[in-house]
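*Asks:* Pasting a structure below so you can have a look.
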Amino acid sequence: MDFFQILCLDLKLLDFETIKAIFFFVLAIIFLGASIFVHELGHFLAAKRRRLFIPRFSIGFGPRIFSKTIGETEFCLSLLPLGGYVALPQLMDAKAIEGKYTIPETAKPISPGDKIIVSAMGAIFNIIFAFILATVLWAIGIQCRQSITNNIVGYVSEEIQLPNGIKVPGPAKVAGIQIGDKIIAIDGHEIHDYSDIIHGIALGKKRDSQGPLSIISILRDGKRQDLTVHPVLVEQNRRSKESIRIIGIEPFQELAIFEIFKNSPAEQAGLQVDDKLCSVNGIPLLSYSQFSDILKNSPDVQLTVERLGKPITVALKSQLLPLSQPHVKLTTTDGVLEIFPSFGEENPIKGPCRDTCKLQILSLSSEFQKKYPKLHIDSQVTSICGQAISNFSDALFICQNRIETPIEITIDGTRLDLVVEKVEFVPSINRFSFGVELRETEVLCHKNPLEQISKNACLVFSTLGSLISPSSDIHLKNLMGPPGIIKTLNTFATENFRLLLSFVIILNVNLAILNLLPLPVLDGGIIALVLLELLLRRKVATQILIGIQCIFMIMLIGFTIYISFFDISRILGEKIEEERYQKWQRLTINEQLLWNGLKSQ
C-alpha cells in the first residue's frame, strides 16, 4: 500500500485517483510558485543588500489572499497568478501596478548601478536555480528514448496527410533524403540530436515562392550534401488549430524484443526477450516504420538479431492478423452512436461476423449522451427491433436495411427508438506479425548543467526570432501561458519526476530571458531606461513613464489572456486525442488470443 492509498483510507472522503490527481496538481503549483518566488527573491535580496525601501513582496497580482508584515515589508500571496513583484518605489514609480507608497526620508538614495543590479538579479536567481536543478538532473540522469539522442534518419515517409485529408509526397523523400543519412545542420545551425532536428525545422524562418523552406545538410558515405527541402504545415491540435512544419522523417530507433507470444513463429524460431533487431533480409533495420514496410512487402523474412554481442539469423514466416475490431457508426436524428464487438478473453480469430460476441457502445456523441444520460461507453446492446443480438453481422445487416425508418434498440435495459440516417462500417486494421512486441531502447542521459541551460537558452532565442520573423510559421498562439504551464507541470509530475525537473529548468531559463527583454514593466525595461537616462543625461518624465507602464501592463495582461485562450483550446484538443486513443484501445485485439486461436484451428 503506497502513500496515496494510505491517505485515501485516512481521509475516507475521496477515491484513490482523485487524491493522486490533487497531490500532483498541488506539486505542479508548488514548482511554478517556486520559480516565481526565486525570481522575486533575487530582487528582494539585492534590494535589501543595498538598503532600499521594500514595502511589499508579492507572489501574484491583484487582491491579496494572504499577507504578513515583517519589519517594513508586507509579504503576500495575491489572486492573479501572472507572476509576482517586489514593490520598490525608489526603483520604479508603479502606483497602478504595485500601489502607492511614501518613501521614508531616511531611505538610502538609489544609484543607476543599484537599479541595474536589483533589476537583473531576478533573472540571475532564475539561472542559479536552473543550474542547481540541472546539476541534480545531471547527477541522477534522465531516462531518454535512444532515438532522441541521435541525428540519424531512420525512416523517410513516402507521403504525408494534410489536415484537409489530402495526401502529398513526403518533403524529405522529394528532396532526396535517405534512410541512414546523418543530419548535421539545418539552415546553417549545427544539429546534435533529434530534438534539434524537430526545433530546427519547426522554427525555420526561410521561405520561397513554393512556401516554407529548409536547407538541410546531411552526411552520406562520409560526404556532406546540402539539400533544399520544402516542409509542409501539418495541424497538431484540432481545437487550437496549431500547425507546425514537418518534412516526414523519423529518427533511428534501436529496437529490442519486449515480449514473445506463445504459439507464434517467433517462439518456434527460438527468439528471446531483449534480442536486439539488426537487419531484415540483409537490410539494416533503423526504425519500426521501416520494419513494418518490409513485412508488408515480404512476409517471409530472414531476421538477424544480436544476443549477448553475437549475431543470430532466423527464418520467419509472418502472419496477417487483425490489429483491431471492426465497428459500425450509426448517425441518427439524436446523434452519433458507434457499436463494436467485444470478445473479452475468447478467441476472436474467426472474425466478428461469425463468432458469438457482446455488442458494446464504443462512443457516444455529446448530443446523444445528453438525450440518454444513462448510457455510457461499454454499455451492452442486447436487441435490435425486438431481436436478440449476439452477432455483429446481424446487427450490421438490420441497421443497413432500416435506414430512415424507426429502429428499436435496447441498451443496458433502456429502450431507444432511433431513426438511423446513415450507417458506416469501419473494417478492422490488419498487420503482418510473427509474434513479438518490440520496444525502443532507452538510455540514461547525463547532460552537464551548462549544456542543459545553454541549449534551453538557444531554444528561447530561436523561438523569439521565429516569432518576430514574417517568414516563419510560429505565432503568438504557439506560446504557452499559465494554464499550459500548469498542465505540463502536472503531467510531468504525474509521469516522471525527472521530466518535471527538466521542465522547471526550461521554465526558469525562459523566465530569466523574457524578463530581461527591454520592454516596460519587465526588468529589462528598467535596465533599458537607466541606460537611456545615462545616455541622455537627464531623467524621463515620471508621468510619461507611468503612462507607458500602464499601457504595457494592459498589453501584458491582454497577451496573457490571449495565449491562455489557446492553452485551454490546446488542452481540450489533447482531451479529444486522449478519447480517440482510449477508443482505439477498446478496439485493439489482444495478440496472444489471436495466436492461441490460430493454434486451435
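The values are calculated or read from the model by the stated rules, or taken from the named source; none is laboratory data. Since this is a predicted model, take the numbers as computed values, not measurements. Here the Cβ positions follow ideal geometry from the backbone for every residue, glycine too, while neighbour counts run over all protein chains shown.
*Asks:* Take the stretch 105-122 and flag every residue that is buried (at least 19 other Cβ atoms within 10 Å of the Cβ), aliphatic (A, V, I, L, M) and either modelled with pLDDT of 90 or more or not assigned by TED's automatic domain parsing to the domain that holds GLU72 (or both).
*Replies:* Once the filter is applied, which keeps residues that are buried (at least 19 other Cβ atoms within 10 Å of the Cβ), aliphatic (A, V, I, L, M) and either modelled with pLDDT of 90 or more or not assigned by TED's automatic domain parsing to the domain that holds GLU72 (or both), the stretch 105-122 yields VAL118, ALA120, MET121.
*Asks:* Here are the criteria: (1) outside the structural domain of LEU137 (by TED's automatic domain parsing); (2) under 14 Å from the mean Cα position of the chain (by Cα). Tell me which single one ILE468 does not satisfy.
*Replies:* (2)
*Asks:* Could you say which residue among LYS422, LYS477 is farther than 30 Å from ASP293 by Cβ, basic (Lys, Arg) and not in a strand (DSSP E or B)?
*Replies:* Checking each option against the conditions leaves just LYS477.
*Asks:* Looking at ILE589, is it more than 29 Å from GLY465 (Cβ to Cβ), β-branched (Val, Ile, Thr) and touching a residue at least 60 places away in the same chain (Cβ under 8 Å)?
*Replies:* It is true that ILE589 is more than 29 Å from GLY465 (Cβ to Cβ), β-branched (Val, Ile, Thr) and touching a residue at least 60 places away in the same chain (Cβ under 8 Å).
*Asks:* Would you be able to say whether some residue in the stretch 360-369 is assigned by TED's automatic domain parsing to the domain that holds PHE340, loosely packed, with under 14 Cβ neighbours inside 10 Å and assigned to a loop (DSSP other than H, G, I, E, B)?
*Replies:* No, there is no match, as no residue in the stretch 360-369 is assigned by TED's automatic domain parsing to the domain that holds PHE340, loosely packed, with under 14 Cβ neighbours inside 10 Å and assigned to a loop (DSSP other than H, G, I, E, B).
*Asks:* Further question on the same structure: Under 8 Å between Cβ atoms, which residue pairs at least 6 apart in sequence (or on different chains) link something in the stretch 304-318 that is closer than 25 Å to ASN263 by Cβ with a partner that is polar (S, T, N, Q) and buried (at least 17 other Cβ atoms within 10 Å of the Cβ)?
*Replies:* Filtered contacts from the stretch 304-318: THR304/SER279; ILE312/THR304; THR313/THR304; SER318/SER433.
*Asks:* Could we say that ILE184 is in contact with a Leu (Cβ under 6 Å, 6 or more places away or on another chain), farther than 25 Å from SER466 by Cα and not small (Gly, Ala, Ser) here?
*Replies:* The answer is no for ILE184.
*Asks:* Can you tell me which residue among LYS477, LYS487 is basic (Lys, Arg), buried (at least 18 other Cβ atoms within 10 Å of the Cβ) and in contact (Cβ under 8 Å) with a residue 60 or more places away in the chain?
*Replies:* Of the residues listed, the single one that is basic (Lys, Arg), buried (at least 18 other Cβ atoms within 10 Å of the Cβ) and in contact (Cβ under 8 Å) with a residue 60 or more places away in the chain is LYS487.
*Asks:* What pairs can you find where one residue is in the stretch 50-68 and surrounded by 13 or more Cβ atoms within 10 Å (Cβ to Cβ), the other is in a strand (DSSP E or B) and charged (D, E, K, R), and their Cβ atoms are less than 9 Å apart, with a gap of 6+ or different chains?
*Replies:* Final answer for the pair search is PRO55/GLU74; ARG56/GLU74; PHE57/GLU74; SER58/ARG64; SER58/GLU74; ARG64/GLU74; SER67/ARG56; SER67/GLU74.
*Asks:* Within the stretch 396-449, can you find the residues that are within 23 Å of SER147 (Cβ to Cβ) and among the acidic types (Asp, Glu)?
*Replies:* Within the stretch 396-449, GLU437, GLU440, GLU442 qualify.
*Asks:* While we're looking at this one, here's another question. Which of the residues that make up the stretch 380-418 are in a strand (DSSP E or B), of a type in the set (Val, Ile, Thr) and surrounded by 14 or more Cβ atoms within 10 Å (Cβ to Cβ)?
*Replies:* Of everything in the stretch 380-418, those that are in a strand (DSSP E or B), of a type in the set (Val, Ile, Thr) and surrounded by 14 or more Cβ atoms within 10 Å (Cβ to Cβ) turn out to be VAL381, THR382, ILE384, ILE407, ILE409, THR410, ILE411.
*Asks:* Then there's this: Kindly provide the set of residues from the stretch 236-265 that are closer than 21 Å to SER289 by Cα and among the charged types (D, E, K, R), ordered by number.
*Replies:* Within the stretch 236-265, ARG245, GLU250, GLU254, GLU259 meet the criteria.
*Asks:* Taking ILE260 as the residue in question, decide whether it is surrounded by fewer than 17 Cβ atoms within 10 Å (Cβ to Cβ), over 28 Å from GLU421 (Cβ atoms), modelled with pLDDT of 90 or more and not assigned by TED's automatic domain parsing to the domain that holds ILE411.
*Replies:* no
*Asks:* Additional query: ILE183 versus (1) touching a residue at least 60 places away in the same chain (Cβ under 8 Å); (2) surrounded by 21 or more Cβ atoms within 10 Å (Cβ to Cβ); (3) of a type in the set (A, V, I, L, M, F, W, C): which is the lone unmet condition?
*Replies:* It is condition (1) that ILE183 fails.
*Asks:* If only one of LYS575, LYS583 is within 16 Å of the chain's Cα centre (by Cα) and surrounded by fewer than 17 Cβ atoms within 10 Å (Cβ to Cβ), which one is it?
*Replies:* The unique qualifying residue is LYS575.
*Asks:* Checking the conditions here, which among THR313, THR304 is β-branched (Val, Ile, Thr), crowded, with 19+ Cβ neighbours inside 10 Å and out of contact with any His (no Cβ under 6 Å at 6 or more places or on another chain)?
*Replies:* Answer to the selection: THR304.
*Asks:* Quick check: is even one residue across the stretch 95-105 farther than 19 Å from GLY524 by Cβ and either under 27 Å from the mean Cα position of the chain (by Cα) or part of a helix (DSSP H, G or I) (or both)?
*Replies:* yes
*Asks:* A follow-up question, please. Of the residues ILE36, ILE54, ILE29, which is of a type in the set (Val, Ile, Thr) and modelled with pLDDT under 85?
*Replies:* Unique residue meeting the criteria: ILE29.
*Asks:* Here is a follow-up. The conditions are (1) surrounded by 18 or more Cβ atoms within 10 Å (Cβ to Cβ); (2) modelled with pLDDT under 85, and ARG354 fails exactly one of them. Which is it?
*Replies:* (1)
*Asks:* Here is a follow-up. Just to be sure I understand, how many residues within the stretch 231-271 are among the small types (Gly, Ala, Ser) and closer than 21 Å to LEU479 by Cα?
*Replies:* Qualifying residue count for the region: 2.
*Asks:* Answer yes if at least one residue in the stretch 167-174 is at pLDDT 95 or above and in a strand (DSSP E or B), and no otherwise.
*Replies:* No, every residue in the stretch 167-174 fails to be at pLDDT 95 or above and in a strand (DSSP E or B).
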